[in-house]
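Worksheet: the structure to be examined is printed underneath.
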Amino acid sequence: MKIGVFLSNLGKTTVYYPKLTKVTGSVTSCVFFCQLLQWRSQLSNPYDWVRISVAEIEQETGLNRKEQELARRELIERSLLKERLVDRQSNALEFWLNVEAFEEKLNELLHELKNNYVDNNSGENVSDRLEVIQPNPASKNEQTVPWQRSPIAVKVTPNYQFNGPWKTPEQFAEFQKALLEYAKEKGLYNPAEWVFKTIDGITKGIVSPFWDEFVQGIRLGESQKVKRDWEIEPGIAYPAFEEERIQYYVQKGEPLEVAVSQARSDLRNPVLGKDLWEGFLRKCDRIADEAIKAKKSGIKTPYLPPSFMDKPAITKESVMSKLAALSPQFSLNSSSYQTITELNANGENGEDKNQSLSNEPPRIETLQAAYKTPMGRTLVEKQIAEHPEWGYAIVDGEVVDITPF
């Protein structure tokens, strides 16, 4: 085989920067991080998570599963990467790159390289910069100490304090606490660092609405909320509009929980949300025209899409009540300390009750109804696997009774 044909069949190449290994930790993590940076640059919103599977990463970089796990662990330890599992079946993962931390470490690396370059091109030899003290014949017992470079003096302002619009240290402390609570509520990465940058900006003359809200006693962030045309209140879109976007991702094959997250992320984007809203209004106008035309032709209840129908809000309480109605073991309630204490106090009585409950299998109709829901499917499969004595099995996507009588 000719070398040109051989190279053309190898596929795409992956480029990494060897000097970045000091930042990422190893060659493997450097290749992994550079590839994620490339995928991140292709996103419409650079603040979104990068979604990719283990197989796709191996196809692009050649890193196998163990090498990927090593790279991810090194990057997470250096606060350069966050990850979360999206789909267990396809091993789909989502990654979020901490670009700010990467830039800080990169600046430190560039500063170090610059210093090394100056030292290597100064024209001096290392031996010329070291002065060895010759031993004094008069004092043979004294040890010879090599000459050492004097430490670089850094000018530091003693007792430095942040100077800002706050009048007392107590007011400044309360403002910091309010900023920290706001950062935690919003789920910001490294809330303490965000608080420091906000206060540092105020001391340098940057106008911050957070301070005005704090002085006026307004909840932080309230005055900065903007109500878009497609929102019934800031941050909450019209239910029909949100449901329409959710169904768009569901039709693409996304799981329902992922579809909800993607839809809400789209509607928080002001540019994308505006474009989607204009298209949604056109669709609503067309549906309204068709409904009016149908009424004129004698149809009493014209067809409307499911997203336009009123639906009850899905809350934790409503889900818990439904699961409890199916079977007690599907409840989302967590065990309380009181419940654990009671079980320990009862001792053998509690064990006898649990054993009697386990000996009584749930009705097959209950399991069949629960298996039809996405959440119940996983729970039913787990319960049937843990209790083979029930005599139930899952065959062709259905819960069936395999006992002969």
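The values are calculated or read from the model by the stated rules, or taken from the named source; none is laboratory data. Because the structure is predicted, anything quoted here is derived from the model rather than measured. We place every Cβ from the backbone using ideal geometry, glycine too, and count neighbours over all the protein chains shown.
Name the residues in the range 85-107 that are exposed (fewer than 12 other Cβ atoms within 10 Å of the Cβ) and of a type in the set (Asp, Glu), would you?
Restricting attention to the range 85-107, the residues satisfying the condition of being exposed (fewer than 12 other Cβ atoms within 10 Å of the Cβ) are 85, 88-90, 103, 107.
Within the range 85-107, just Glu103 meets the criteria.
Is it fair to say Ile218 is modelled with pLDDT of 85 or more, within 27 Å of Leu179 (Cβ to Cβ) and part of a helix (DSSP H, G or I)?
No: the conditions fail for Ile218.
Looking only at the range 221-246, which residues are hydroxyl-bearing (Ser, Thr, Tyr) and not in a helix (DSSP H, G or I)?
First, pick out the residues of the range 221-246 that are hydroxyl-bearing (Ser, Thr, Tyr): 223, 238.
Tyr238 - this is the single residue of the range 221-246 that is hydroxyl-bearing (Ser, Thr, Tyr) and not in a helix (DSSP H, G or I).
Need the failing condition index for Lys300 against (1) among the charged types (D, E, K, R); (2) modelled with pLDDT of 85 or more; (3) assigned to a loop (DSSP other than H, G, I, E, B); (4) out of contact with any Phe, Trp or Tyr (no Cβ under 9 Å at 6 or more places or on another chain), just the number.
(2)
Is it the case that the range 49-70 has a residue that's under 30 Å from Pro374 (Cα atoms), out of contact with any Leu (no Cβ under 8 Å at 6 or more places or on another chain) and aromatic (Phe, Trp, Tyr)?
Checked the range 49-70: at least one residue is under 30 Å from Pro374 (Cα atoms), out of contact with any Leu (no Cβ under 8 Å at 6 or more places or on another chain) and aromatic (Phe, Trp, Tyr).
Which of the residues spanning the range 242-267 are over 17 Å from Arg51 (Cβ atoms), out of contact with any Lys or Arg (no Cβ under 9 Å at 6 or more places or on another chain) and in contact (Cβ under 8 Å) with a residue 24 or more places away in the chain?
Once the filter is applied, which keeps residues that are over 17 Å from Arg51 (Cβ atoms), out of contact with any Lys or Arg (no Cβ under 9 Å at 6 or more places or on another chain) and in contact (Cβ under 8 Å) with a residue 24 or more places away in the chain, the range 242-267 yields only Gln247.
Just name the residue that is surrounded by the fewest Cβ atoms within 10 Å (Cβ to Cβ) out of those in the range 222-241 that are in contact (Cβ under 8 Å) with a residue 24 or more places away in the chain and under 23 Å from the mean Cα position of the chain (by Cα).
Residue satisfying both the conditions and the ranking: Gly235.
For Leu63, which of the numbered conditions (1) of a type outside the set (Asp, Glu); (2) over 18 Å from Tyr16 (Cβ atoms); (3) in a loop (DSSP other than H, G, I, E, B) fails to hold?
Just one mismatch for Leu63, condition (2).
Examine the range 245-261 for a residue that is of a type in the set (Phe, Trp, Tyr), outside the structural domain of Thr373 (by TED's automatic domain parsing) and over 19 Å from Glu181 (Cα atoms), and state whether such a residue exists.
Looking through the range 245-261, at least one residue is of a type in the set (Phe, Trp, Tyr), outside the structural domain of Thr373 (by TED's automatic domain parsing) and over 19 Å from Glu181 (Cα atoms).
More than 26 Å from Ala101 (Cα to Cα) and either in the same structural domain as Phe95 (by TED's automatic domain parsing) or modelled with pLDDT of 80 or more (or both): does that describe Gln143?
No.
Give the number of residues within the range 68-99 that are in a helix (DSSP H, G or I) and either modelled with pLDDT under 85 or small (Gly, Ala, Ser) (or both).
So the answer is 2.
Taking the conditions exactly as written (modelled with pLDDT of 80 or more and among the polar types (S, T, N, Q)), does Gln148 satisfy them or not?
Taking the combined requirement at face value, the residue does not satisfy it.
Just to be sure before I move on: is Arg65 at pLDDT below 85, basic (Lys, Arg) and within 30 Å of Gln262 (Cα to Cα) in the structure I sent?
no
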